[in-house]
Amino acid sequence: MEKRCYYEILNISRSAGDEEIKRSYRKLAMKYHPDRNPGDKEAEEKFKEAAEAYEVLRDKEKRQIYDQFGHEGLRGTGFSGFSGFNDIFSSFGDIFEEFFGFGSRSGRRERARKGNDLRYDMELTLEEAFSGKEEEITFKKWELCQDCNGSGTSPGSELQTCRTCQGRGSISRSQGFFQINTTCPSCHGQGTIITDPCRSCRGNGKIKINKKINLKIPPGVDMGSQLRLQGEGEAGEHGGPPGDLYVVIHVKDHHFFTREQDHLLCEIPISFIQATLGDTIDVPVLDKEATHPLNIPNGTQPGDIITLPGLGMPSLRGNYRGDLYVKIIVRIPKKLSPHQKEILKEFAETEGSKSSNKKKSFWDKMK
Ligand SMILES: [Zn+2]
Ligand SMILES: [Zn+2]
């Protein structure tokens, strides 16, 4: 977006003095202040734009650079405006207090803030991750006290203005030329004192409770999957919305299957006879039937992988299942009876690979 001229934004002439700049900014800041325009993106942009214009024009050096070289010149000095509200408020905190007449009880401190997010770790077996799970979980959280609606005062009693700071929330003392503001120790910056605290929350405004939730884990969750339960986190500050609860999934290792995203892998041992002649065997699956027939073609090699399409994990992303990959392990017998030995020797002779021509045969065959 094309950056607008700072003088135009503040609606002042190029020769405007400090007082005029401040007055004009004050007007715009009041109009577009986020507390007055919650969730309004356009007001937010206007508010940021005005703050940036003011930041530059109130500063003699920056203003001079801007007058001479424009936006481009400022970029050369490393000035990049503001990244967000916090940035603006931390730069102009004092100005806002002055502007809005809150004393030191700035709008900033009283602004509604979203409550903390919470995390709950849940361990599942692969079978549970496969079929999904419903479970009631219990966790501790701070919730808004219903009896005082979060105010901390007992019903019917009033908040009293803090005497230490006269309701400003901070106290200032002089040190040389400077004036240093510190948070008021009596009211911890609130500006008010609770004289008759709410009995339920002891003036805290919040109560720690054991919250129970019936959790539905969808089929297909994986290690590190997160379920977000909106509004199930801790209570917000000053009327802000509650935070969210994040359920973080851990899936235990399985003795038979390993998982690759939505696919499952397993190893099945078969005899060299089965590998040679082919066979149909039952392999374990996570489905209700518990096993599924697997067709082993004749001539199957050790390490061959046979795919059973659609017998892997269900996908979280929709109506789809991964595959099951079966890796074939061929067992070579270690002990043979004399009779079995005879049969195999006989078999070897039919292949024409008798011990007499063994020496040259391997490398010859490779050619
Ligand atoms: Zn209470
Ligand atoms: Zn105080």
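The values are calculated or read from the model by the stated rules, or taken from the named source; none is laboratory data. Model, not experiment: these values are computed from the prediction. No Cβ is skipped: glycine too gets one built from the backbone with ideal geometry, and neighbour counts run over all protein chains shown. The protein model used for the area step is the full one, side chains on, heavy atoms only, and it has no ligands, DNA or RNA in it. Shrake-Rupley method; radii C 1.70, N 1.55, O 1.52, S 1.80 Å.
Ordering of 118-125, 3-10 by packing is 3-10, 118-125, highest average first (other Cβ atoms within 10 Å, averaged per residue). Note on the chain: GNM, Cα springs under 10 Å; of K114, K60, K206, the largest mean-square fluctuation is that of K60.
In the context of the full set of protein chains, the chain has a per residue accessible area of 65 Å² (1.4 Å probe). Hull volume per residue, based on the alpha-carbon atoms of the stretch 267-334 and their convex hull, is 84 Å³. Give K3/K60; K141/K211; K3/K27; K140/K252; K46/K114; K31/K62 a once-over and call out the pairs whose C-alpha atoms are over 18 Å from each other. K3/K60; K3/K27; K140/K252; K46/K114; K31/K62, as the Cα separations exceed 18 Å there. A simple charge model with +1 on the Cβ of Lys and Arg, -1 on the Cβ of Asp and Glu and nothing else charged puts the dipole of the chain at about 800 debye relative to its Cα centre. Listed values for the stretch 11-26 are Karplus-derived 3J(HN,Hα) couplings in whole Hz (6.51 cos²θ - 1.76 cosθ + 1.60, θ = phi - 60°), namely 6, 9, 7, 5, 9, 4, x, 3, 5, 5, 4, 5, 4, 5, 5, 4, and x replaces Gly and Pro. Centre-to-centre, using Cα atoms only, the stretch 41-81 and the stretch 10-31 are separated by 13 Å. No disulfide-compatible partner, judged by a Cβ distance under 4.7 Å, exists for the following cysteines of the chain: C5, C266.
Ignoring ligands, DNA and RNA, what percent of the accessible area of the chain is carbon or sulfur (1.4 Å)? Please list the in-between numbers first.
Details: 11550 of 23730 Å².
Percent of accessible area from carbon and sulfur atoms in the chain: 49.
Kindly state, to the nearest 0.05, the FRET efficiency for A290 paired with K216, given R0 = 22 Å and r defined as their beta-carbon distance.
On the way: r = 24 Å, r/R0 = 1.11.
Result of the calculation: an efficiency of 0.35.
Of T153, T291, the order by accessible heavy-atom surface (1.4 Å probe, DNA, RNA and ligands excluded), from most exposed downward, is T291, T153.
On the beta carbon distance between S200 and E44, with R0 = 45 Å, the FRET formula returns roughly 0.75. Measuring r between the beta carbons of K208 and T182 and using R0 = 25 Å, the FRET efficiency lands at 0.25. Here the relative contact order of the stretch 160-288, from alpha carbon pairs under 8 Å that lie six or more residues apart, stands at 13 percent. Among F347, F139, F130, the residue with the largest mean-square fluctuation in a Gaussian network model of the chain, with springs joining Cα atoms closer than 10 Å, is F347. Helix 41-57 and the long axis of the chain differ in direction by around 60°, with both axes built from C-alpha atoms. The mean sequence distance of close C-alpha pairs (under 8 Å, at least 6 residues apart), as a share of the length of the chain, puts its relative contact order at 14 percent.
Give the Debye-formula value of log10 I(q)/I(0) at each listed q (0.10, 0.15 Å⁻¹), with one equal scatterer per alpha carbon of the chain, two decimals each. Log10 I(q)/I(0), no solvent term: -0.89, -1.24.
Considering the dipole of the chain built from charges on the beta carbon (Lys and Arg +1, Asp and Glu -1) around the Cα centre, which of H33, P197, I306 is farthest to its positive end? Of H33, P197, I306, it is P197.
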